[in-house]
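First the structure, in the form of structure tokens, and then the observations on it.
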Amino acid sequence: MKNYIIAVDQSTSATKAMLFDEQCRILGRNDIGHEQYYPQKGFVEHDAEEIYRNTVEAIRQLTGCIPQGDCCVALAITNQRETVVVWDKRTGKPVCRAVVWQDNRGTELCRYLAEHGHTRMVQEKSGLIIDPNFSASGVRWILDHVEGAREAADEGHLLMGTVDTWLIWKLTGGKVFATDTTNASRTMLFNIHTMEWDDDLLQLFGIPRTMMAGVLPSDAVYGETTVEGIFEKPIQIAGVIGDSQGALAGQMCFGEGSGKITYGTGSSVMVNIGESPKAAPEGLVTSVAFSVLGKHFYGYEGNIYSTGATLKWLCDQIKLIGHPREIEAEIASLADNGEVYIVPALAGLGAPWWKPDAKAGIVGMTFSTSRAHLLRAALESIAYQVKDLFDVMMQATGNQLRDICVDGGPTKNRFLMQFQADLLNSRIVCTEVEDASALGAVLMNGFARRIWTSSGEVTELRKVVQAFDPSPTEDTDKAYKGWLRAVNTVVRY
């Protein structure tokens, strides 16, 4: 009997459903975008019910790609992390829109907690710094500001979860309320040493334990679903992992010291640090990398808020260009960046700066600045932000990665990949699967269902399609110094 795995990759901008076979080849794919809501300054929201409808529809459209005959189909999930949904278990309805990881409504609370001496305790227990990027402050805001929410929570009627938890609960008709360790570790409520929800953290944020889901390994079987009747017989939900950690697994970074860069709406740099949750250096956090084959692995990670989102902003809001794929051709004639820099603090600055109040800025414009210069500055800002993180990470681990695995849509941009290689002075390796997060979920599914029983079996499936060797010059170093001056200008403002 042949095995086929549907991977749902529920990202910040869309829900993607992909069909994989046992050789991790993609046989079909559907993408359905969802609305982004910005009700007021600093607020970013999603409609959780729309996301669930899109998930069902994306899977429905994919079923025609499943080969006929004797086969077994299962479902894996990877998701945008930190984005949090709060819903009433009596009605199955969210009490408000989901608070997205880019949302800054928790800034005031996070500042208050930091000023009152809670930073060390939070970091020691959760591995994270106190920041509105993580789920806890968003949940607290909902309980404090949505009418009736606090009372319903105290009475045990409300549930909270990252998007994976919401989808699992809906897909199983409310029978399964669970998340995996990677998503739990990004809430600021999970103790990465005990691998349990932490009472001190829950009390600090005023969140009842009754709201919290059960926590399972990434490679667990979570339950069964017919996906709203699409399948005549229930299929297993197995393999759940946060998108950044999914990309780490999808890039086969199972060994200590291996790392990857994921380019998406935001971007993530992560290095596997092994089975011990070491304290992260300043500017980074420690998260669960994956819980697989009976072991917990941890990672140093830094998250950038606006990378692909910056390019999308230029297209959708500023109308500077029609689509990000057009940028490479537009900037081809430029000899340099014209000393123009865009610091895309559109939702604040993430790691290693951690300045949620920072505002975006364009630095270095003159009358000679062209549209192409602005496009190049936006593209280069992605690579600069990655280097900011990468330098801190390599100093902490004592390593210099010769090869860095990359994934995500921007990896198709040859200018960006070469510039990234030059900045990092490391070889950038693009693998066959652009959507490494989905592949990571597929691997967790396969481990859960014993299709594979060791990481060695799947590592052989990784195929390199393109690599960019570094060739830095004095101009590379000069450009990066200009970036640092631009960031300091924005931070001071």
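The values are calculated or read from the model by the stated rules, or taken from the named source; none is laboratory data. All values derive from a computational prediction rather than experimental measurement. With ideal geometry, Cβ positions are generated from the backbone for all residues, glycine too; neighbour counts draw on all protein chains shown. For the accessible areas, the whole protein counts, side chains as well, though only heavy atoms, and no ligand, DNA or RNA atoms are used. Shrake-Rupley method; radii C 1.70, N 1.55, O 1.52, S 1.80 Å.
Rounded to the nearest 0.05, the FRET efficiency derived from the C-beta distance between residue 466 and residue 332 at R0 = 30 Å is 0.95. Could you tell me which GluC sites (Glu not before Pro) in the stretch 26-73 are loop residues by DSSP with no more than 11 other beta carbons within 10 angstrom of their beta carbon? In loop regions of the stretch 26-73 (DSSP not H, G, I, E or B), the sparsely surrounded GluC sites (Glu not before Pro) are 35.
Per residue, the solvent-accessible area of the chain (1.4 Å probe, heavy atoms of protein chains only, all protein chains present) comes to 40 Å².
For the stretch 200-357, averaging the sequence separation of C-alpha pairs within contact (under 8 Å, six or more residues apart) and dividing by the residue count gives a relative contact order of 16 percent. Residue by residue, the stretch 327-340 carries 3J(HN,Hα) couplings of 5, 4, 5, 5, 9, 4, 7, 6, 7, 7, 8, x, 6, 9 Hz when phi is fed to the Karplus relation 6.51 cos²θ - 1.76 cosθ + 1.60 (θ = phi - 60°); x denotes Gly or Pro. Among the listed pairs 355/463; 125/312; 2/312; 16/93; 295/387, which have their C-alpha atoms separated by more than 29 angstrom in this model? Correct reply: 355/463; 125/312; 2/312; 295/387.
Between residue 478 and residue 279, 0.36 nm times their residue separation minus their Cα-Cα distance comes to what?
68.4 nm
Between residue 432 and residue 53, what length in nm is gained on full extension when 0.36 nm per residue of separation is reduced by their alpha carbon distance? Intermediate values should be presented prior to the final figure.
Values: separation 379, 0.36 × 379 = 136.44 nm, distance 2.98 nm.
Result for the pair: 133.5 nm of gain on full extension.
For chymotrypsin sites (Phe, Trp or Tyr not before Pro), the sites in the stretch 340-427 that DSSP calls loop and that have at most 12 other Cβ atoms within 10 Å are 367. Site pair residue 146 and residue 40 shows an inter-label distance of 1.7 nm when each label is modelled 7 Å from Cα along Cα→Cβ.
Spacing of the modelled spin labels on residue 316 and residue 14, each 7 Å from Cα toward Cβ, amounts to 1.2 nm.
Distance from the C-alpha centroid of the stretch 149-221 to that of the stretch 231-267: 20 Å, rounded to the whole angstrom. With contacts taken as Cα pairs under 8 Å at a separation of at least 6 residues, the stretch 72-184 carries a relative contact order of 32 percent. Taking every DSSP helix (H) stretch of at least 4 residues in the chain, weighting each as -39,500 (n - 2.57) and dividing the sum by the residue count yields a mean residue ellipticity at 222 nm of -10000 deg cm²/dmol. Counted over the chain, the DSSP beta bridges are approximately 70% antiparallel.
Taking 0.36 nm per residue of separation and subtracting the Cα-Cα distance, full extension of the segment from residue 412 to residue 193 would add 75.0 nm.
Comparing Cα centroids, the stretch 412-431 and the stretch 274-294 end up 26 angstrom apart. Among the GluC sites (Glu not before Pro) found in the stretch 423-493, those both in a DSSP coil and sparsely packed, with 10 or fewer other Cβ atoms within 10 Å of their Cβ, are 460.
Shape verdict for the stretch 202-328, please, from the Cα gyration tensor: rounded (a/c under 1.5), prolate (a/b greater than b/c) or oblate. Oblate.
The calculated FRET efficiency for residue 66 paired with residue 256, based on their beta-carbon distance and R0 = 56 Å, is about 0.90.
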